[in-house]
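As C-alpha cells, the structure follows; a few thoughts come after it.
The values are calculated or read from the model by the stated rules, or taken from the named source; none is laboratory data. Keep in mind that this is a model prediction, so the values were computed, not measured. Cβ sites come from the backbone with ideal geometry, for glycine too, and all protein chains shown count toward neighbours.
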Amino acid sequence: MTSAKMPDQCETMTEVRAGVDQVDRELVALLVRRFGYMDAAARIKPDRSAVRDEVRKTQVLDNVAREAEASGLDPERLRAVWDVLVEQSIAHEMIRWDNLRAKD
C-alpha cells in the first residue's frame, strides 16, 4: 500500500480522503494498544472501585489539553474527544475486570 500524501501536499478530495483513511487505520492500531493497557489495568487492580479513578481521568485530560495546545490545536476540542475515549476505556476496563473475576 502506498503512503498517503501529507495534508499540505493534497490537491484533490480523493487525496484528502486517502490521507484521512490512512490516519484512521493508524489511530485504530494505537487504540488497540491503548485498550490493551486497559486490559492490563483490569488484571492488576485488586478492587472494582479502583477502575474509575477521577483523579487519573483529570490528569489524562489535562495532559491531552497541554499537548493539543503545544501542537496548535484547540485544547478544549481534544479534551472533549478524550473525555469520550476515557469513558469508553473505563467501560471496557469494567467489563474486563468483571470477566476476569467471574472465572475465579
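Among residues of the range 1-19 being surrounded by 13 or more Cβ atoms within 10 Å (Cβ to Cβ) and part of a helix (DSSP H, G or I), the one that is farthest from the chain's Cα centre (by Cα) is Glu15. Among the residues of the range 20-33, just one is surrounded by 13 or more Cβ atoms within 10 Å (Cβ to Cβ) and under 18 Å from Trp82 (Cα atoms), namely Leu31.
Looking at Gly72, Gly36, can you tell me which residue is in a loop (DSSP other than H, G, I, E, B) and modelled with pLDDT of 95 or more?
Numbers: Gly36 fails: in a loop (DSSP other than H, G, I, E, B).
Just a single option satisfies the conditions, and that option is Gly72.
Can you tell me which of Arg52, Arg25 is basic (Lys, Arg), modelled with pLDDT of 95 or more and in a helix (DSSP H, G or I)? Break it down stepwise before answering.
Details: Arg52 fails: in a helix (DSSP H, G or I).
Of Arg52, Arg25, the one residue that is basic (Lys, Arg), modelled with pLDDT of 95 or more and in a helix (DSSP H, G or I) is Arg25.
Taken over the range 11-60, the criterion of being of a type in the set (Gly, Ala, Ser) and under 26 Å from Met94 (Cα atoms) is satisfied by Ala29, Gly36, Ala40, Ala41, Ala42, Ser49, Ala50.
Any residue in the range 76-98 that is among the basic types (Lys, Arg), touching a helix residue (DSSP H, G or I) at 6+ places or on another chain (Cβ under 9 Å) and touching a residue at least 40 places away in the same chain (Cβ under 8 Å)? Spell out the reasoning first.
Taking the range 76-98 first, the residues among the basic types (Lys, Arg) are 77, 79, 96.
Now restrict to residues that are touching a helix residue (DSSP H, G or I) at 6+ places or on another chain (Cβ under 9 Å): 77, 79, 96.
In the following step, the residues that additionally are touching a residue at least 40 places away in the same chain (Cβ under 8 Å) were identified as 96.
Taking every residue of the range 76-98 in turn, at least one turns out to be among the basic types (Lys, Arg), touching a helix residue (DSSP H, G or I) at 6+ places or on another chain (Cβ under 9 Å) and touching a residue at least 40 places away in the same chain (Cβ under 8 Å).
Screening the range 58-104 for residues that are charged (D, E, K, R) and within 19 Å of Arg33 (Cβ to Cβ) and picking the one that is nearest to the chain's Cα centre (by Cα) gives Glu87.
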